[in-house]
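To start, the structure itself, in structure tokens.
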Amino acid sequence: MQRVQGYQFKLELPAGSLNRPAHKTLVNRTLSLPSFCFLLLLIFSQQALSANDLEQCEQLLNSGQYQTCIEKTEAAILKKTYGSEWPLLKAKAELAVGQYAEAKQTIDAGLKRYSWSLPLRLKAYEIYQLNNEHESAEEFLNSIHELASRSAWRYTDASSLIALGQASLLKKADPAVVLESFYDRAIREYPEHKDAYLASGNLALSKRDFILAQETFEAATKKIPADVDLLFGLAKALQSGSPERSEKLMLQVLSINPQYIPAHLEQIDRCIHSEQYAEAKQRLESVLDINPHQAEAWSCLAVIAHFEHRPHEETACYWEALSHHDQNPKVDYQIGKALSEHYRFSEGAAYQRLALQKDAKFIPARIQLAQDELRLGLEVSGWEHALLAHQQDGYDTTTFNLLELKDQLASFKTLEDETFIVRMEAREAEVYGQEVLKLLHEAKQTLCKKYGLELDQKITVEIFPNPDDFAVRTFGMPAVSGYLGVCFGKVITANSPASQAEHPTNWQSVLWHEFCHVVTLELTKNKMPRWISEGLSVYEERQKNPHWGETMIPQYRDMILKGETTPISELSSAFLNPKSGLHIQFAYYQSSMVVEYLINEFGFDAMKSILSDLQAGVPVNVAIERRTKTLGELEQDFATYLTAEAKNFASEVDWSEQDLTALTSDDTKRFDDWIREHPHHFQGLMAYSRILEEENRTAELETTLKKLVRLYPQYTGADNACLRLAALYQKQERFDVEQSYLEQHAKYNPNALAVFQRLATLYQQQENWHAVYQACQDANAINPLDQETQQRLATACIQLNRPAEAVAAYQAILALEPHNPAETHYQLARLLQDTHKQKAKRHTLIALEQAPRFRAAHQLLLELTANTP
């Protein structure tokens, strides 16, 4: 044996391989150094070629060249190229194009050669399920841990660790343990391995931990920048927090791989969500061209058939979705979830129950069912499902948040009568709970009678002082802003005035809007598109109060005249991913104007007939054409109507587009001349007034602001002329003129809390108690949690001989924990002494307990006890 540079090699030849004389013996031969180096070079070059070929095939899969990938991997397998990656890659490509039987053959052949491969066994579990061989699939899943337990030392590579983690999750292992023991370890030890990041990020997505998912996928895409799976995962993680970036990433995914079905399905989901069913079906045809058996695509077709009231087609698509995996709970889950996103909670819940029949441990269906039932008012079973889901998976953020909310709701006070169940924070319930009930009954009386609805179940209304609690109850997660209230049909959720400190909104208009949803959703059995639902609610707000809801503003005028309206047939899409907050508010406004136009042109009975058609399952565009005119004519006529509304809006104002940049930065003299040439230009006058204010040109400022009020008195922006004039006159102590401008502004702005409070102060100084009373009522419709307003209201009620309302105001003050509670108890005692002597005595004693030297309370106590035996 010869030692060569530290290596020992012995080349043994088989007997008979050499034809030598019989007297010669076969001797050991050592490999020469040059021959040895050549052999090494040959081995390594073959391995390098194999690795390059594999990388090329992976790129083919990544770019959507699935058939080419199948052909090349098949060729490598036939050449006996070593590596379990080859059959795994081929099976992935076959699955992508729906060749499930062929994928089964591939994986079977692969396991004959690489029986020890955990990734192949995990893929076999998936493939056998798609061939409806569920028992064999479970055997493959069970075998993964059996192999690993026998030879743990063998399975420490990245692919095996990931397979073990995924198999553990399928066996309902603790996700945190899986993350730490398998995925984090794989990332730490193999930082260039894609699948470790993918598994970790997808686990975070499944638990709705979008921050962790984003961090994971961000790290992965820095190392592997053009991988469609990782880019898609990052796009999913960013959907709620950064929708614009998410959309760019989705487009990037499709530019790399135009055949990438998950990205297509995301676009299809958005089409369905915005009720663009024709476009969704076109996109689904493209998906089914790639994979004719794609279960989620068939589920989407079932959803569309459901919305379009084609039950036979829905059934056919449903069974097609289950044809290759008849125990797949994701099919029912996805259909039900899509239905619930369109407020069809009862139908959605039925599908979730089917999903749980297929797999009682399928947690997404359990969570969705919990939310559906809570939104349907089925609280007992809804909370039971939430608790069970949390017990099965303690890491899911939705159920965790829901159960935290349940504890919070337990502290709320419930006000219940024959029609409503109102839940509020205890203090708020004491302050304005009865006003909430009063308003709801007025809404019921007005709207149920108008629409011909008889309620057959109590309506639940929950009002949350914490916006995160509102978001969890409504959307299943905190930190969702931009919503004042939501109606699910029989359940209304709303933010309370306590959550709107910076931007107060009239809570009465919010509840009126939401109760209108109760009426229209009940009438249609929740079978109505979003635009007509929102349009009717905003319309009914304006019917109650012309200045509630959305009304024309300069920005809307501009959008209308620039052709930025959405066609009626696509109007629901305007609520999905709007460009800005202004655009979604414009969607509400345009929807309400379509409703107003339909009612004005064709009568309210036509609208009721449309709602009746929707309840029967007639598509909205068909229902509208049946009760009005063809959609094409309607689109044209409505555009003419809305354009006329825009052109007639503040018709004396010059709305022309002007570049004011140079004027605002140039000398004032030039701006003075420009204003003389454009005396009615609204934006110019606004900019000019700000310069006059900066230069303390008070007389000219006053004149300019008055002109603005005359030209456009309805303007309620924060910089409106009415409020600026009022502030100017208050500073000059010209309170009568201040009051007149505050009153003018108050006519148009039902959310002007500070204005109503200031008016109440001015009226009180004049002892105009009727005006004080009304101003306080208007202020309380925005924020009833202000002690000073309640105090003024109590005083006005006493002066106006409204003792019951005065008592309510003082009770509200007590609930708000006043600085001088003894005085409040004393005033309550005085109000109650003639009608409720025992209550009056109790309040007097409390006042004396808190202020023992309170002489007036002592005197009142003597009066209350004078005739007591």
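Students sometimes get this wrong: rank 552, 250 by accessible area, probe 1.4 Å, all chains present, largest first.
Values: 552 30, 250 5 Å².
If we order 552, 250 from most to least accessible, we get 552, 250.
If the only charges are +1 at each Lys and Arg Cβ and -1 at each Asp and Glu Cβ, what is the size of the charge dipole of the chain around the Cα centre, to the nearest 20 debye?
Here the chain has a charge dipole of around 2240 debye.
When all protein chains stay in place, what accessible area (Å², nearest 10, 1.4 Å probe) is found for residue 690?
About 100 Å², ignoring ligands and nucleic acids.
Leaving out ligands, DNA and RNA but keeping every protein chain, what accessible area does residue 477 have, in Å² rounded to the nearest 10, with a 1.4 Å probe?
Using a 1.4 Å probe on the heavy atoms, I get roughly 50 Å².
With a 1.4 Å probe and all protein chains kept in place, how do 842, 557 rank by accessible area, largest first?
842, 557
Averaging sequence separations of C-alpha pairs under 8 Å and six or more residues apart, then dividing by the length of the chain, give the relative contact order as a whole percent. Don't jump to the answer; show the numbers that get you there.
On the way: 1129 pairs, mean separation 50.8, N = 869.
After rounding, I find 6 percent.
Report, to the nearest 10°, how far helix 530-544 tilts away from the longest principal axis of the Cα atoms in the chain, using its own Cα long axis and a range of 0 to 90°.
Tilt relative to the chain: about 10 degrees.
Leaving out same-chain residues fewer than 8 places away, which lysines sit with a Cα under 27 Å from that of residue 525?
Excluding near neighbours in sequence, the set is 281, 330, 337, 438, 444, 449, 450, 458, 490, 544, 608, 629.
Go through 745, 836, 324 and list them by solvent-accessible area, largest first, probe radius 1.4 Å.
Sorted descending by solvent-accessible area, the residues read 836, 324, 745.
Computed from the mean reciprocal separation of all distinct C-alpha pairs, what Kirkwood hydrodynamic radius does region 756-809 have, in Å?
10.4 Å
Size of the dipole of region 217-313 about the Cα centre, Lys and Arg at +1 and Asp and Glu at -1 on the beta carbon, nothing else charged, in debye to 20?
Charge dipole of region 217-313: 300 debye, to the nearest 20.
Longest exposed-loop-site-free stretch of the chain, with GluC sites (Glu not before Pro), DSSP loop and at most 11 other Cβ within 10 Å?
Longest run free of exposed loop sites: 193-417.
Return the whole-Å distance between the Cα centroid of region 588-655 and the Cα centroid of region 443-520.
Taking the Cα centre of each part, region 588-655 and region 443-520 sit 25 Å apart.
For residue 740, what accessible area in Å² do you get when you roll a 1.4 Å probe over the heavy atoms of the protein chains, rounding to the nearest 10?
Spelled out: residue 740, probe radius 1.4 Å, area about 50 Å².
Compute the acute angle (0 to 90°) between the alpha-carbon long axis of helix 261-273 and the principal axis of greatest extent of the alpha-carbon atoms of the chain; round to the nearest 10°.
Helix 261-273 sits at roughly 20 degrees to that axis.
Hey, what's the Kirkwood Rh for region 247-387 if you take every pair of different alpha carbons, in angstrom?
15.6 Å
Just the number, please: carbon plus sulfur as a percent of the accessible area of region 279-361, 1.4 Å probe, no ligands or DNA/RNA counted.
Result for region 279-361: 51 percent of the exposed heavy-atom area is carbon or sulfur.
With charges set only on the Cβ (+1 for Lys and Arg, -1 for Asp and Glu), what does the dipole of region 131-239 come to about its Cα centre, in debye to the nearest 20?
Working: 12 positive and 17 negative charges, 56 e Å.
The calculation lands at about 260 debye.
For region 212-274, report the convex hull volume of the alpha-carbon atoms normalised per residue, in Å³, without decimals.
75 Å³
Could you give the distance between the Cα centres of region 562-585 and region 330-387, to the whole Å?
30 Å
Below 20 Å Cα-Cα, how many Lys pairs turn up in region 138-276? Only count pairs eight or more apart in sequence, or on different chains, if you could.
Close lysine pairs found across region 138-276: 11.
Keeping the other protein chains in place, figure out the carbon and sulfur percent of the accessible area of region 646-746, with a 1.4 Å probe. Before the final figure, lay out the partial values.
Working: 2460 of 5360 Å².
Answer for region 646-746: carbon and sulfur cover 46 percent of the accessible area.
Cross-link candidates for residue 707: which lysines have Cα within less than 28 Å, leaving aside residues fewer than 8 places away along the same chain?
The reachable lysines, counting only those whose Cα sits under 28 Å from residue 707, are 562, 647, 669, 731, 747.
Given a 1.4 Å probe, how much area per residue of the chain is accessible, in Å²?
Per-residue accessible area for the chain comes out at 48 Å².
Expressed in nm to one decimal, what extension gain is obtained for the pair residue 697 and residue 219 from 0.36 nm per residue of sequence separation less their Cα-Cα distance?
Values: separation 478, 0.36 × 478 = 172.08 nm, distance 5.84 nm.
Result for the pair: 166.2 nm of gain on full extension.
Nearest 10 degrees, 0 to 90: what angle lies between the long axis of helix 100-113 and the longest principal axis of the chain (Cα atoms)?
That helix lies at roughly 50 degrees to the long axis.
In whole percent, how big is the carbon plus sulfur part of the accessible area of region 114-259, probe 1.4 Å, protein atoms only? Working shown, then result.
On the way: 3560 of 6810 Å².
Its accessible area is 52 percent carbon and sulfur atoms.
Given the Cα atoms of region 511-652, and with Rh set as the inverse mean 1/r over their pairs in the Kirkwood sense, what is Rg to Rh to two decimals?
Rg/Rh: 0.94.
The values are calculated or read from the model by the stated rules, or taken from the named source; none is laboratory data. Small disclaimer: the values here were computed from a predicted structure and weren't measured. Using ideal geometry, Cβ is built from the backbone for each residue, glycine included, and neighbour counts are taken over all protein chains shown. Just the protein is used for accessible areas: all its heavy atoms, side chains included, with ligands, DNA and RNA removed. Shrake-Rupley method; radii C 1.70, N 1.55, O 1.52, S 1.80 Å.
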